[in-house]
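Structure record follows, encoded as structure tokens.
We did not get these values from a lab; they are worked out from the coordinates using the rules stated. Small disclaimer: the values here were computed from a predicted structure and weren't measured. Cβ placement follows ideal geometry from the backbone for every residue including glycine, while neighbour counts extend to all protein chains displayed.
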Amino acid sequence: MMAPSEAVGARAIAASVDAHNAAIAADTGRCCTALRRIEGSVAEMVAVLDKMKSRCAPFVFYHRVRPFLNGWKNWNGTIVLGRTGLDVSDLCGGSAAQSSLFATLDAVLGIEHKGDSAAFLRDMRSYMPQGHRDFVRLIGSSRALPTFVASLKEQQGDTDSLASALEKAIQAVRAFRSRHIQFVTLYIVQQAGRERERGTGGTSVLPFLQHVRNETTM
């Protein structure tokens, strides 16, 4: 369901650009409008994700779909038929961390990740198209929106509406990540039983996702 969710979330990318540009222009009203659009778009993504329960059983996903998403991270001696001299042992499987959508939201909203989670998320950018990587890096390096909010506070301006809109947008992202954890628990952890399940990106799935979710704050 990530593809339909990201199709809905594309509107959040456009809104993120608007929020970023409005912050550079010091346009509080336009910033608030863009942040409300981000909040609404991410909320729609949660609604789309919820449809997975009625369209794909956890057993079917885990045993028939997920094996094709696992990748080869931390495997040894993997051989690709028809190719010689090709080392694919360090290739990760499909991961939500490879999505430039959430990398953009983190960057524009000023959501910071630290430690192992930050290192992993940076590594996953190598799976994004070059243009996406450059875009995320450009947005993140400027920190236009959080800097604008901080500058208004220093000037003792009326930041209530802007700060509230930013907080709600961040909470929408946090809510999506919480729902994602619920789905991972149902579709992966519970299906794995006593096996030590890892994410398709090679992480310890629940601790990593919970850490990223907990860092989703102002």
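With a simple spin-label model that places each label point 7 Å from the Cα along the Cα-to-Cβ direction, the separation between Ala192 and Ser204 comes to 1.1 nm. With θ taken as phi - 60° and the Karplus curve 6.51 cos²θ - 1.76 cosθ + 1.60 applied, the whole-hertz 3J(HN,Hα) list for the range 62-69 is 5, 8, 10, 9, 4, x, 7, 9 Hz, x standing for glycine and proline. Residues whose amide H falls under 5 Å from that of Cys92, counting only those 5 or more places apart or on a different chain, are Trp72, with hydrogens built in the peptide plane.
Here the peptides 131-143, 52-64, 5-17, 32-44 are ranked by packing, the mean other Cβ count within 10 Å, and the order with the highest first is 32-44, 5-17, 131-143, 52-64.
Assuming R0 = 35 Å, what is the FRET efficiency of Ala7 and Asp160, from their Cβ-Cβ distance, to the nearest 0.05? Before the final figure, lay out each step's value.
Working: r = 34 Å, r/R0 = 0.96.
With a Förster radius of 35 Å, E is 0.55.
Label positions at Arg64 and His113, each projected 7 Å from the Cα along the C-beta direction, are separated by 3.1 nm.
Note the full-extension length gain between Phe183 and Arg122 as 0.36 nm times their separation in residues minus their Cα-Cα distance, in nm to one decimal. Write out the running numbers ahead of the final one.
Details: separation 61, 0.36 × 61 = 21.96 nm, distance 2.38 nm.
Computed gain between Phe183 and Arg122 is 19.6 nm.
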